[in-house]
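Taking it in order: structure first as structure tokens, then the write-up.
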Amino acid sequence: MQKKDLLYEGKAKKVYQTEDPQVYIVSYKDDATAFNGLKKGTIVGKGVVNNQMSNFMFRLLEKKGIPTHYVEELNDRETAVKRVDIVPLEVIVRNKAAGSLSKRLGLAEGTPMGETVLEFSYKNDDLGDPMVNDYHILAMGLATREEIDRIAQMSLQINQLMLDFFKSVNVDLIDFKLEFGKTQDGQIILADEISPDTCRFWDADTGEKLDKDRFRRDMGGVEEAYAEMMKRLGL
Ligand code: TMP
Ligand code: ASP
């Protein structure tokens, strides 16, 4: 599989066309941003971690019946994925309060949510990915009722599978972000990545942060945290 034209360059990944119109290649960068690109930096080796961890999670989820865009890991940083049209929504799943939810609702970080919380944001950098509800999504034509329901159902199922898995490696899954894509035939599948950039991982015993919050909050030990997560996954 060969990279052809660069289709898109985002903050953390590049996407290339290949000779197969139904397959793209994703290339993960070490660039790190936070707060909609306001904070910029590098996390050495992050591209490798996020590539390998995402692929590990996609393979695990596929085995449990969740359709994903994963096709084949090509090398440390690059993966072949199915071509999809990305649904322009970020789906946030929260098991415990943290980050923007803690700020918005005045809840101490780590407060358990009595019920899993799902949030949607409209993927639009110029607007800073504003939070939207079902009404906004339908009114703006970002997804259909059926697609919203399917995305919500898959997200909750993925959460259960991820909670179980991370518990088995002594990690408390606080929250995470998912993105979905639509295949040519209209099927909704899981896309984007699952990594310490897009999840909050706390050590289950000590509460130590093992994710991008160390970068966002200038806590230090960023590379070490990403490496520790790789170790927990046996990668
Ligand atoms: P938040 O607390 O900032 O809303 O983040 C919730 C979760 O979503 C957290 O695990 C980090 C992840 N996330 C992303 O992956 N990309 C983003 O752009 C944002 C804002 C959050
Ligand atoms: N990477 C995102 C950005 O720069 C946000 C984040 O992960 O905090 O907007």
LYS96 is checked against (1) more than 20 Å from MET53 (Cβ to Cβ); (2) away from ligand 1 (no atom under 16 Å from the Cβ); (3) touching a Gly at 6+ places or on another chain (Cβ under 6 Å) and fails just one. What number does that condition carry? (2)
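Being within 14 Å of ligand 1 (Cβ to nearest atom), assigned to a helix (DSSP H, G or I) and either in contact with a Phe, Trp or Tyr (Cβ under 9 Å, 6 or more places away or on another chain) or hydrophobic (A, V, I, L, M, F, W, C) (or both) is the requirement here; does ASN55 meet it?
No; evaluated as a whole, the condition is false for this residue.
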Would you please list the contacts, defined by Cβ atoms under 8 Å and residues six or more apart or on different chains, that run from a residue in the range 133-152 that is polar (S, T, N, Q) to a residue that is surrounded by 13 or more Cβ atoms within 10 Å (Cβ to Cβ) and assigned to a helix (DSSP H, G or I)? THR144/LEU138
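Filter the range 27-46 down to residues that are β-branched (Val, Ile, Thr) and within 16 Å of ligand 2 (Cβ to nearest atom) and give me whichever is nearest to GLY220 (Cα to Cα).
At the first step, the residues of the range 27-46 found to be β-branched (Val, Ile, Thr) are 33, 42-44.
Of the ones still in play, those that are also within 16 Å of ligand 2 (Cβ to nearest atom) are 33, 42-43.
Values: THR33: 15, THR42: 12, ILE43: 11 Å.
It comes out as ILE43.
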From the list GLU90, GLU115, GLU73, exactly one residue is touching a Phe, Trp or Tyr at 6+ places or on another chain (Cβ under 9 Å) and either among the polar types (S, T, N, Q) or more than 20 Å from ARG217 (Cα to Cα) (or both). Which is it? GLU90
Subset of the range 47-60 that is in contact with a strand residue (DSSP E or B) (Cβ under 6 Å, 6 or more places away or on another chain) and not aromatic (Phe, Trp, Tyr) - its residue that is farthest from ligand 2 (Cβ to nearest atom): ASN55
The number of residues in the range 99-140 that are in a loop (DSSP other than H, G, I, E, B), within 16 Å of ligand 2 (Cβ to nearest atom) and at negative phi is 4
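Within the range 59-70, work out how many residues are of a type outside the set (Phe, Trp, Tyr) and either in a loop (DSSP other than H, G, I, E, B) or surrounded by 19 or more Cβ atoms within 10 Å (Cβ to Cβ) (or both). Write out each step before concluding.
Just the residues of the range 59-70 that are of a type outside the set (Phe, Trp, Tyr), to begin with: 59-69.
Remaining after also requiring either in a loop (DSSP other than H, G, I, E, B) or surrounded by 19 or more Cβ atoms within 10 Å (Cβ to Cβ) (or both): 61, 64-69.
Qualifying residue count, the range 59-70: 7.
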Which pairs do you get when a residue that is more than 17 Å from ALA32 (Cβ to Cβ), found in the range 220-235, comes within reach of a residue that is in a helix (DSSP H, G or I), reach meaning Cβ atoms under 7 angstrom, with the pair 6+ apart or on two chains? LEU233/MET53; LEU233/PHE56; LEU235/GLN52; LEU235/MET53; LEU235/PHE56
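So, of the residues in the range 189-226 that are of a type in the set (A, V, I, L, M, F, W, C) and surrounded by fewer than 21 Cβ atoms within 10 Å (Cβ to Cβ), which turns out to be nearest to ligand 1 (Cβ to nearest atom)? Walk me through it before giving the result.
Initially, the range 189-226 is screened for residues of a type in the set (A, V, I, L, M, F, W, C), giving 189-191, 194, 199, 201-202, 204, 210, 215, 219, 222, 225.
Next, from what is left, pick out any that are surrounded by fewer than 21 Cβ atoms within 10 Å (Cβ to Cβ): 189, 204, 219.
On the way: ILE189: 18, ALA204: 17, MET219: 15 Å.
Ranking the qualifying residues of the range 189-226, first place goes to MET219.
Only the coordinates and a few stated rules stand behind these numbers; no lab work does. The shown structure was predicted, so the numbers you read here are calculated from the model rather than taken from an experiment. Note that we place each Cβ from the backbone using ideal geometry, even for glycine, and neighbour counts take in every protein chain shown.
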